[in-house]
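Report on one structure; see the data block that follows.
The values are calculated or read from the model by the stated rules, or taken from the named source; none is laboratory data. This is a predicted model, so every value here is computed, not measured. All Cβ positions, even for glycine, are placed from backbone atoms using ideal geometry, and neighbour counts span all protein chains on display. Quick note on the areas: whole protein, heavy atoms, side chains included, nothing else; ligands and nucleic acids left out. Shrake-Rupley method; radii C 1.70, N 1.55, O 1.52, S 1.80 Å.
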Amino acid sequence: MSSSAESETPSFHGSEARNNLQTILQSCPKLAEVGDSNEYQNTVSELVNFLDFLLDAALSDPDNEHEENSAFEALTEIHQYIGSPSLDQEVVDALSFELPKAVSKFAGISRKFLDMAISIIDQFIVKCGPRDMLSILCDTLGYSSKVTNAASYIVPPLSGLSKVLISIRRRQFEQVKEAAPIILNVLKAVCLESEEEELDNVFDKAVGIANSIYEVCDKLVDNAAREKLRALLGLYVLQCLALVSARIDYKASGCHSLVSQLSRISSYCGLSYLSLVTTYEAEALASTVFGENKDDCMGCLSHVNHGAALSVIWGHVSEEVAQAAKEDMIVVKDELRNNQIKRWQAIGALKHVLSFVSLPWELKKHTISFLLCITDGDIRGNCDDEHPQWPFYMPNLFSALQAVKMVIMYAPDPELRKNSFAVLKGVLADISISQRLDILEALITNTDSSSMIAILVDLVRREMHTEIYNSKSLVKDVQQINSNKHSNLSFWTPSILEFVERILRPPQGGPPSLPDQSDAVLSALNLYRFVLMTESTGKTNYTGVLSRSCLLKVYNEWLLPLRTLVTGIMAENKSDYDELAVDTVCTLNPLELVLYRCIELVEEKLKQVT
């Protein structure tokens, strides 16, 4: 740059701003000699206000190099001031309470401001000591809720904490236990509210803290303290893994690097893939670590179970990650395929991934792929149809099926929806047939989507078809129902008609809402027709569908009111040619055909039983 150009750009040196800064800094040692604490606080506040003024000027006009240069030069002078060997320790201590907050606000301007803020905090760590700076930096983190760009603001204190933790020489577990909830709460709040591109540095420093805790833990001589610290480190790592997975593009190399580092530490904590999806209990570990304060700390660990399941999914996604965790995915999958209880536990654990709203669809797709690996194919040989522990695992399996159902309904990728449906069938097949109808009924009861209800009702019909087919034996080349297998027909009971009635005659009263519920109603009519025709052909009445009282009830309470509703809606819309009317007619046409066929079948049967 030419000398003329330089003269046109105002310099911080010799400026009024620099003179103000010098005046403030020079007054600090004098106040230390006098010992006036109130004046001291006023001077520190004046320095913080001065820095806030420079920050506002730099941010309000990003193209103004002068304002930015002035702010940077001011930080540089402060850095040199704090690093001065002659500076009184009392002055350093007083500045250490407020300056980390003030300088961290500049981190979002550019990389050089970030580095300078980190360097100033490093000076405080050297001069004040790690134990004092631990509480100061935690307080600095807590202040993030009051700043505009929290993601960049927390990077310098996180960087400082990673250095402080490895410098503490006594009561390491107790110190980390106090700091970890603060760190994790701030990470969760910032990560779920910030843009993805702002978080790379945040996660890099968060993983740096995990590495620091690992280093401390590895050097501890006290076995009891080391095991507690390992448990705490495991909780921290899994919470971070969930946040990384939710907020960073999983295809990015940086994301894989962070996950690999976290997986390596997870392995050190004794968290194998099998244990993470079968026996891992975050609350139990939190009780071990935090004792009576466990409930106060669970908020910062809200995504630990998500992280536990995601650890395994990352191993499924990336061989590099699996190697970092010292895991063999083939062995893991084989163990889950061959052990029904562990498979149920894993299915229940993976619901956390599928129901995690913030998680990208790509990772949910890999989760479905993993579930297919452990539920698809010939696993029935490893199943106990009446397992005594079924009631214990049923709630988690049902929650998992609910999560799979949501993927089927909302996934943007047709292949993912198709594979999710395969997983749904695979998990249902893993459940005792005597419990399967109850599970399907519960899924339908907890579903608002007509299309999804139709899919589930069709699954019931398929189960009934398979069950009746398997109960037949060949006698003289003619298939006949083998009556001694009646007890094995779990779906062929009167409850199946109650199941159909809940759709055709909803519990809240009146006929179903059409055309909104047309898919569900059509599927229910098809199921009723299938049951009626199968019982008629086989000359059986397992469901009671052929009894006169049942036929009259179906005819008068289900079919005729439904016919009145359908014909009324069709009449209203047939003469109308707008798009909505045409769609309504097209939607109800197949339903009308099946409805009239059911009416004909019931009328024929009523004539036969009269």
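So how do 173-184, 357-368 stack up, highest first, on mean other-Cβ count within 10 Å?
173-184, 357-368
To one decimal place, what Kirkwood hydrodynamic radius in Å is obtained for the chain from all pairs of distinct Cα atoms?
Roughly 29.3 Å, rounded to one decimal.
Quick check: residue separation of Lys219 and Gln402 times 0.36 nm, minus the Cα distance between them. What number comes out in nm?
61.4 nm
Using alpha carbons only, how many degrees (0 to 90, rounded to 10) separate the axis of helix 361-375 from the longest principal axis of the chain?
So the helix axis and the longest Cα principal axis differ by about 50 degrees.
Give me the net charge for the shell around Lys553: Cβ to Cβ below 12 angstrom, other residues only, Lys and Arg +1, Asp and Glu -1.
Every neighbour counted, the sum reads -1.
Output ³J(HN,Hα) for segment 595-609: one whole-Hz value per residue in order, computed from phi by the Karplus curve 6.51 cos²θ - 1.76 cosθ + 1.60 with θ = phi - 60°, and x for Gly and Pro.
4, 5, 5, 5, 4, 4, 4, 5, 4, 4, 5, 5, 5, 6, 9
How much accessible area per residue does the chain have, counting only protein heavy atoms and a probe of 1.4 Å, in square angstrom?
46 Å²
Students often get this wrong, so check it: of Lys105/Lys146; Lys105/Lys177; Lys351/Lys425; Lys188/Lys364; Lys219/Lys294, which have C-alpha atoms separated by over 18 Å?
Lys105/Lys177; Lys188/Lys364; Lys219/Lys294
With everything on Cα atoms, drop me the angle between helix 172-191 and the longest principal axis of the chain, reported from 0 to 90° to the nearest 10.
Roughly 70 degrees, rounded to the nearest 10.
Need one word for segment 12-152: rounded, prolate or oblate. Basis is the Cα gyration tensor (sqrt eigenvalues a ≥ b ≥ c); a/c below 1.5 gives rounded, then a/b vs b/c decides.
Oblate, since a/c reaches 1.5 and b/c is not below a/b.
Using the Karplus curve 6.51 cos²θ - 1.76 cosθ + 1.60 with θ = phi - 60°, what ³J(HN,Hα) values do you get for each residue of segment 48-53, in whole Hz, with x for Gly and Pro?
With the stated coefficients, segment 48-53 comes to 5, 5, 4, 5, 4, 4 Hz.
Let me know the shape class of segment 410-472, please: from the alpha-carbon gyration tensor, a ≥ b ≥ c as square roots of the eigenvalues, rounded when a/c is under 1.5, otherwise prolate if a/b is greater than b/c, or oblate.
Because a/c hits 1.5 or more and a/b exceeds b/c, segment 410-472 counts as prolate.
Under the rule a/c < 1.5 gives rounded, and otherwise a/b versus b/c splits prolate from oblate, where does segment 313-472 land using the Cα gyration tensor?
oblate
Ignoring any ligand, DNA or RNA, what whole percent of the accessible area of the chain comes from carbon and sulfur when the probe is 1.4 angstrom?
49 percent
Tilt of helix 390-410 relative to the longest C-alpha principal axis of the chain, in degrees (0 to 90, nearest 10)?
80 degrees
Quick check on the chain: helices-only [θ] at 222 nm, where DSSP H runs of length 4 and up contribute -39,500 (n - 2.57) each and the sum goes over total residues. Nearest 500, please.
On the way: 31 runs with 443 residues, N = 610.
That comes out to -23500 deg cm²/dmol.
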